[in-house]
Structure formats: structure tokens, C-alpha cells
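Have a look at the structure below before the remarks.
The values are calculated or read from the model by the stated rules, or taken from the named source; none is laboratory data. The structure presented is a predicted model; accordingly, all values stated were derived computationally and were not measured. When we count neighbours, we look across all protein chains shown, and the Cβ atoms used for this are built from the backbone with ideal geometry, even at glycine. These area figures cover heavy atoms from the full protein model, side chains too; ligands, DNA and RNA do not enter into them. Shrake-Rupley method; radii C 1.70, N 1.55, O 1.52, S 1.80 Å.
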Amino acid sequence: MNADEPVIPLPTATEKEVSFLARSGAVVTLRLIDTGRFEVKLDTRGDYTATLLHDGETFELHPAPGVHAIGGTDLTATDLYERF
């Protein structure tokens, strides 16, 4: 991660849900499902649900079935910040 890359806060066992403000102005809420696995919700789009996987370095984003959105693999925190 370089110094210009945004930090995406990730939930922990103690703090099971966190939110951040994305570039678009949307509030992105991440809820801990399991180690390295999070549910993603957007305040601007009530139908949006996705699973975010994090291996410690990169992210994978998988929209729920029926949600029309682009997912991706090998994503960075910047990619997530920019997409939302």
C-alpha cells in the first residue's frame, strides 16, 4: 500500500460492523461474517449486497445473486474506494 491509497476500515471480532465514506459520497457498511469475509451494503442502493473477501493484501468483491453490479478480484483499497 502506498501513502496515497485510502484506508478501508475492516470489521473485527470486537467491532463487527464499520462504515466508511466512499468517493461517490455513499456510505459503505462492512459487516464481519467470518475471518477475511465481509458483507457489503450501500446506503445509496438498498438492493445492493455483496461479499468482500480480504486475504491480507488484496480484495475480492462478489455481488449477491440477482444484484446487478460488477465484482472483481485482485482489488486494492483504492479500487474499492473509487468503485463505491
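Per-structure values
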{"item": "Enumeration of residues in the range 10-55 that are of a type in the set (Val, Ile, Thr), farther than 17 Å from Ala69 by Cβ and more than 11 Å from the chain's Cα centre (by Cα)", "result": "Thr12, Thr14, Ile33, Thr35"}
{"item": "Evaluation of Leu80 against (1) over 23 Å from Glu15 (Cβ atoms); (2) outside any strand (DSSP E or B) (one fails), failing number", "result": "(1)"}
{"item": "Subset of the range 36-76 [under 16 Å from Ala26 (Cβ atoms), of a type in the set (D, E, K, R) and either in contact (Cβ under 8 Å) with a residue 24 or more places away in the chain or not in a loop (DSSP other than H, G, I, E, B) (or both)]", "result": "Glu39, Lys41, Arg45, Asp47"}
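Rundown of residues vs (1) modelled with pLDDT of 95 or more; (2) open to solvent by 70 Å² or more (accessible area, probe 1.4 Å), yes/no style:
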{"residue": "Asp4", "(1), (2)": "no, yes"}
{"residue": "Glu17", "(1), (2)": "yes, yes"}
{"residue": "Thr29", "(1), (2)": "yes, no"}
{"residue": "Arg37", "(1), (2)": "yes, yes"}
{"residue": "Tyr48", "(1), (2)": "no, no"}
{"residue": "Gly56", "(1), (2)": "no, no"}
{"residue": "Ala64", "(1), (2)": "no, no"}
{"residue": "Thr76", "(1), (2)": "no, no"}
{"residue": "Asp79", "(1), (2)": "no, no"}
